[in-house]
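Accompanying notes for the structure given below.
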Amino acid sequence: MNHQMPSSKTVSTFAPQREQGTHLFHILGYSQHWAAGASECKCIGSDKFPVGGHEWRLVFDGAPGKDASGSNRDYVVAGVYLVGKNIKVQASLELRLLDQSTGPSLTVHKEASIVFDTNERSRIAVCVIKRKLFKSTTYLQDDRLTIECIITVSKEPRVTGTKWFPRIEVPPSDIAQHFGKFLETKEGVDVTFSVGGVDLTAHKMVLATRSPVFRAELYGPMKEGGTEPIVVEDIHPDVFRGLLHFIYNDSLPPFDDLMEDDYGEMIRHLLVAADRYAMDRLKLMCQSILCEGLHVQTVATTLALADQHHCDMLKDACIEFIICSNAMDAVAATPGYKNLKRTCSSVVIEALEKTSRIRKA
């Protein structure tokens with residue numbers, strides 16, 4: 001049976017942290033601050049406003065003085081100022097002029113990332129705005145100017161704690177348990193086998209589903225009619241019970257009451273039964289168990305069994321065991337080896353003896 005591999009799915013998130021704030025700075029009586037022809041710089045500033053855990057000011061200089069070349073200054077200056085000491089902040093900045101008639105704003109300056117450092121000259125970011133913009137628009141109307149300042153402060157990224165994805169646990173398949181109980185209760189049994197004088201009952205459909213040999217025997221052209229028990233020759237009742245247990249449960253019986261030697265003998269008989277009824281998975285399970293339990297006294301017997309029932313992997317394992325353990329003489333002294341010479345092909349025996357001689361050389 002296939003069992004779904006246990007798995008878990010978790011998630012965590014690395015997310016940049018930002019905080020945005022908007023401040024409107026209304027300048028009323030604009031012309032009173034910067035009368036035409038005035039030469040003195042009269043920079044004004046907003047009150048402090050908080051964004052991202054820091055305090056800021058918006059500053060503006062609209063004086064109509066001279067520029068560095070001596071020409072009339074045709075622009076005004078606006079800036080954003082970080083308040084405080086020993087502060088370093090990364091932020092983005094956008095300055096807009098608010099239309100006094102319709103309300104929409106015009107972006108006059110925008111920077112995606114600035115580092116404000118109160119210990120350096122970079123504590124302030126400034127921009128220039130063409131003065132002619134005020135003459136042809138309604139951004140300066142009724143002697144009023146409104147500057148909109150949008151600051152987005154970048155903070156330390158935050159990694160969220162690991163969370164478990166929601167999941168619904170599905171228990172392992174229990175179909176084998178249901179079929180196993182089906183065999184135990186004998187409810188609905190419709191076929192009886194006589195095995196060594198013992199009657200054992202089962203369900204035709206289950207047997208036919210698991211074994212092509214049973215399917216042909218129970219539903220094929222040669223099926224036996226009537227209600228008489230089907231006689232099974234050359235299989236011990238306990239072995240046939242083990243075969244039925246595997247058919248219904250897809251696992252071997254526990255065999256807790258068997259000693260080690262008896263357990264090995266039972267597995268050999270089950271391998272023969274599995275081969276007889278074309279139960280490939282059971283046959284492979286028996287080979288695996290016999291391979292794990294190889295030892296000098298039984299390896300020859302197991303090799304003969306493997307050769308007789310076309311278990312190539314088990315046969316190779318037996319030969320390799322004899323070679324690796326350098327125990328050819330001990331194996332040759334066992335009764336199983338004598339039987340091996342009678343039943344196995346001469347090619348296998350010659351290969352064993354030749355390999356043994358090479359190892360001793």
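The values are calculated or read from the model by the stated rules, or taken from the named source; none is laboratory data. What you see is a predicted model, and the numbers here were worked out from it, not measured in a lab. Cβ placement follows ideal geometry from the backbone for every residue including glycine, while neighbour counts extend to all protein chains displayed.
For the reader, a short list of remarks on this structure follows.
- For the stretch 1-52, a residue qualifies if it is modelled with pLDDT under 90, in a loop (DSSP other than H, G, I, E, B) and more than 30 Å from Pro64 (Cβ to Cβ), and the qualifying residues are Met1, Asn2, His3, Gln4, Met5, Pro6, Ser7, Ser8, Lys9, Ser12, Thr13.
- Selected residue (only one of Lys130, Lys181 is of a type in the set (Lys, Arg) and out of contact with any Phe, Trp or Tyr (no Cβ under 8 Å at 6 or more places or on another chain)): Lys181
- Any chance Arg276 is of a type in the set (Lys, Arg), surrounded by 16 or more Cβ atoms within 10 Å (Cβ to Cβ) and modelled with pLDDT of 90 or more: yes
- Among all residues of the stretch 240-255, there is none that is farther than 30 Å from Leu303 by Cβ, of a type in the set (Gly, Ala, Ser) and surrounded by 18 or more Cβ atoms within 10 Å (Cβ to Cβ).
- All positions within the stretch 98-129 that are closer than 17 Å to Ile27 by Cβ and in a strand (DSSP E or B): Leu98, Ser105, Leu106, Val108, His109, Val126, Cys127, Val128, Ile129
- Positions within the stretch 163-199 being surrounded by 10 or more Cβ atoms within 10 Å (Cβ to Cβ), polar (S, T, N, Q) and closer than 20 Å to Pro237 by Cβ, in sequence order: Thr192, Ser194
- First in the stretch 207-228 and surrounded by 13 or more Cβ atoms within 10 Å (Cβ to Cβ) and part of a loop (DSSP other than H, G, I, E, B), second anywhere and modelled with pLDDT of 85 or more and among the small types (Gly, Ala, Ser), Cβ under 9 Å, 6 or more apart: Ser211/Ala278
- Close pairs from the stretch 80-104: first assigned by TED's automatic domain parsing to the domain that holds His23 and farther than 15 Å from Thr22 by Cα, partner among the basic types (Lys, Arg) and surrounded by fewer than 15 Cβ atoms within 10 Å (Cβ to Cβ), Cβ under 9 Å, at least 6 apart: Val83/Lys48; Gln90/Lys155; Gln100/Arg144
- Qualifying residue in the stretch 279-287 (condition: part of a helix (DSSP H, G or I), buried (at least 21 other Cβ atoms within 10 Å of the Cβ) and basic (Lys, Arg)): yes
Residue by residue, here is whether (1) touching a strand residue (DSSP E or B) at 6+ places or on another chain (Cβ under 9 Å); (2) closer than 16 Å to Phe49 by Cβ; (3) surrounded by 15 or more Cβ atoms within 10 Å (Cβ to Cβ) holds:
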{"site": "Leu82", "(1), (2), (3)": "yes, yes, yes"}
{"site": "Leu106", "(1), (2), (3)": "yes, no, no"}
{"site": "Ser113", "(1), (2), (3)": "yes, no, no"}
{"site": "Cys127", "(1), (2), (3)": "yes, no, yes"}
{"site": "Pro157", "(1), (2), (3)": "yes, no, no"}
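- In the stretch 276-301, the residues that are under 17 Å from Asn249 (Cβ atoms) and out of contact with any Cys (no Cβ under 9 Å at 6 or more places or on another chain): Tyr277, Met279, Asp280, Arg281, Leu282, Met285, Ile289
- If you go through the stretch 167-187 and keep only what is over 18 Å from Leu252 (Cβ atoms) and polar (S, T, N, Q), you end up with just Thr185.
Residue-by-condition table, conditions (1) in contact (Cβ under 8 Å) with a residue 40 or more places away in the chain; (2) touching a Ser or Thr at 6+ places or on another chain (Cβ under 6 Å); (3) in a helix (DSSP H, G or I):
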{"residue": "Gly242", "(1), (2), (3)": "no, no, yes"}
{"residue": "His245", "(1), (2), (3)": "yes, no, yes"}
{"residue": "Asp257", "(1), (2), (3)": "no, no, no"}
{"residue": "Met266", "(1), (2), (3)": "no, no, yes"}
{"residue": "Val272", "(1), (2), (3)": "no, no, yes"}
{"residue": "Leu290", "(1), (2), (3)": "no, yes, yes"}
{"residue": "Asp316", "(1), (2), (3)": "no, no, yes"}
{"residue": "Phe321", "(1), (2), (3)": "no, no, yes"}
{"residue": "Cys324", "(1), (2), (3)": "no, no, yes"}
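- Residues of the stretch 68-79 satisfying the condition of being free of Cβ contacts under 8 Å to residues at least 60 places away in the same chain and in contact with a strand residue (DSSP E or B) (Cβ under 8 Å, 6 or more places away or on another chain): Asn72, Arg73, Asp74, Tyr75, Val76, Val77, Gly79
- Test: Leu270 is farther than 17 Å from Gly293 by Cβ, of a type outside the set (Val, Ile, Thr) and modelled with pLDDT of 90 or more: no
- From the options Ser325, Ser288, Ser346, residue that is out of contact with any Phe, Trp or Tyr (no Cβ under 9 Å at 6 or more places or on another chain) and modelled with pLDDT of 95 or more: Ser288
- Identity of the residue in the stretch 229-239, charged (D, E, K, R) and assigned to a loop (DSSP other than H, G, I, E, B), that ends up surrounded by the most Cβ atoms within 10 Å (Cβ to Cβ): Asp234
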